[in-house]
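Below you'll find the structure, written out as structure tokens, and then a few comments.
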Amino acid sequence: MRIAYLFTTFPKPSESFLQREINGLADLPTTNLSLFSLFGGCGATFNRFPLKHFDLKDILRLPLRFLNELIRSPEAFLELSKLYDNSPPKCPINLLENLLGVAFAISYAERFRKNPPDLIHAVWATAPAAAALTLSMLTRIPYSMEAHAYDIHRSGGDCLLKEKGLRARFIRTSTQSAQSHLIRKGIPEKSISLIRRSLPNIPDSNPARRTSNRRHLLSVGRLIEKKGYAEQLNFYKTLKNRNIQFSAKIIGHGPLASPLESIIKRLELSDCVEMCGHQSYAEIERTYQQWADIFIFTGKISSSGDRDGFPNVLAEAMAAGLPILTRDVAGISEAIQDKVTGIILRGESSIEWSHQFEHLMANPILQDSIKANALEWVKQHFAVSENSARLVELFTRSQFKEPSSPHT
């Protein structure tokens with residue numbers, strides 16, 4: 001089965017989970033993928049699959065290709081315009097995402113007709129699914145899609161999320177929280193499949209950790225509002241005020257880098273909190289295994305409504321044997337049960353968070369129990385071979401399945 005895989009940007013440093021997914025699919029000999037990056041990325045191949053980029057040459061040719069497609073399929077453009085007229089984008093970013101997807105589809109429609117895949121698969125419900133929907137309308141090639149927290153929640157979610165989902169052969173999501181939201185939006189439950197992300201080389205047991213009075217706290221993620229780093233820095237200030245010996249590293253880059261550096265200076269945390277910037281996954285993995293004692297996640301619902309579903313960094317930390325302290329937001333509680341697979345940070349007070357931290361540090365038996373339970377959860381839900389096989393099974397079944405009626 002030949003599948004065209006559509007990404008917004010691929011490969012993207014902050015989306016290493018997608019790279020791991022493609023590597024997992026590449027391990028299955030029958031998988032035949034063509035990868036398409038709609039905005040940025042680099043390379044002509046990834047693993048054993050060809051990778052094409054929507055580039056400047058495609059954009060320059062777009063007016064002529066638009067005229068050709070309009071003459072060929074005027075009814076498709078009329079239908080598409082009605083869809084967007086009935087449900088316009090809710091914010092400028094979503095408008096640009098959908099325009100990008102439609103532009104890609106117009107540019108690549110003739111190529112897809114000449115060498116049609118069996119299925120088009122969009123990894124996000126924004127630009128990739130806009131491309132998949134438009135390509136399907138222009139070429140009659142079926143598509144499937146994914147929908148995750150960003151697609152569902154940011155500024156009220158993607159404007160055509162329901163319509164895209166109803167026309168797809170199936171929808172893959174990675175959390176029960178997202179699955180429930182999709183059902184509430186009117187997408188039939190039978191069309192939605194929950195398949196978690198994946199991790200390679202999950203260890204059989206937790207590694208032995210060094211012992212020290214000075215605790216090493218780690219957080220990994222983009223420096224954006226929904227990660228709650230400002231609140232995390234207040235937590236570190238409270239630990240310092242309580243004379244708790246610790247060092248913290250925040251790995252990631254993003255638009256809030258300078259404001260967070262300013263907060264660190266204002267709170268006088270420069271001696272114990274380090275902003276590490278962007279690092280490769282290999283570097284992050286070494287920090288998990290060789291430096292960190294505890295993983296901190298302070299994610300929240302941002303002012304736009306955006307939030308994480310179940311952050312992949314939590315699964316990475318759980319597999320590395322790090323106890324997790326986390327806020328309970330979106331799909332977190334699907335994996336993190338308080339004092340079973342992690343510690344849920346209750347309330348908003350950094351003083352309360354510090355008490356929960358100190359309680360965990362004072363209980364090595366609780367730490368060992370949490371680490372063992374967390375590793376077992378990751379083994380059950382994030383095994384790359386099992387999740388890749390399930391995804392391929394969905395692709396295969398989609399050949400014999402019709403989408404739900406768009407008027408349901």
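Numerical summary
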| read-out | value |
| --- | --- |
| Only one of 155, 144, 136 that is modelled with pLDDT of 95 or more, assigned to a helix (DSSP H, G or I) and among the polar types (S, T, N, Q) | 136 |
| Residue that is surrounded by the most Cβ atoms within 10 Å (Cβ to Cβ) [pool: residues in the stretch 96-133 that are part of a helix (DSSP H, G or I) and among the acidic types (Asp, Glu)] | 97 |
| The listed residue being closer than 26 Å to residue 263 by Cβ, touching a Pro at 6+ places or on another chain (Cβ under 9 Å) and not assigned by TED's automatic domain parsing to the domain that holds residue 181, out of 370, 351, 332 | 332 |
| Residues located in the stretch 177-193, provided they are more than 14 Å from the chain's Cα centre (by Cα) and not charged (D, E, K, R) | 179, 180, 181, 182, 183, 186, 187, 188, 191, 192, 193 |
| Which listed residue is within 27 Å of residue 179 (Cα to Cα), of a type outside the set (Asp, Glu) and either touching a strand residue (DSSP E or B) at 6+ places or on another chain (Cβ under 6 Å) or free of Cβ contacts under 8 Å to residues at least 60 places away in the same chain (or both), from 326, 396 | 326 |
| Residue in the stretch 40-54 that is in contact (Cβ under 8 Å) with a residue 60 or more places away in the chain, assigned by TED's automatic domain parsing to the domain that holds residue 145, outside any helix (DSSP H, G or I) and touching a helix residue (DSSP H, G or I) at 6+ places or on another chain (Cβ under 8 Å) present | no |
| Out of 104, 66, sole residue that is farther than 28 Å from residue 20 by Cα and of a type in the set (Phe, Trp, Tyr) | 66 |
| Any hit, the stretch 332-343, residues being at pLDDT below 95, in contact with a helix residue (DSSP H, G or I) (Cβ under 9 Å, 6 or more places away or on another chain), at positive phi and among the small types (Gly, Ala, Ser) | no |
| Residues of the stretch 207-221 that turn out to be out of contact with any Asp or Glu (no Cβ under 9 Å at 6 or more places or on another chain), in a loop (DSSP other than H, G, I, E, B) and surrounded by 17 or more Cβ atoms within 10 Å (Cβ to Cβ), as a count | 0 |
| Which numbered condition residue 355 fails, given (1) more than 16 Å from residue 244 (Cβ to Cβ); (2) modelled with pLDDT of 95 or more; (3) in a helix (DSSP H, G or I) | (1) |
| Residue, farthest from residue 324 (Cα to Cα), within the stretch 364-378, restricted to residues that are of a type in the set (Val, Ile, Thr) and buried (at least 20 other Cβ atoms within 10 Å of the Cβ) | 378 |
| First in the stretch 295-321 and at positive phi, second anywhere and surrounded by 24 or more Cβ atoms within 10 Å (Cβ to Cβ), Cβ under 9 Å, 6 or more apart | 321/374 |
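The values are calculated or read from the model by the stated rules, or taken from the named source; none is laboratory data. Only a predicted model underlies this, so the values are computations on that prediction, with no experimental measurement involved. A quick note on method: Cβ atoms are made from the backbone with ideal geometry, for glycine too, and the neighbour counts reach across all protein chains shown.
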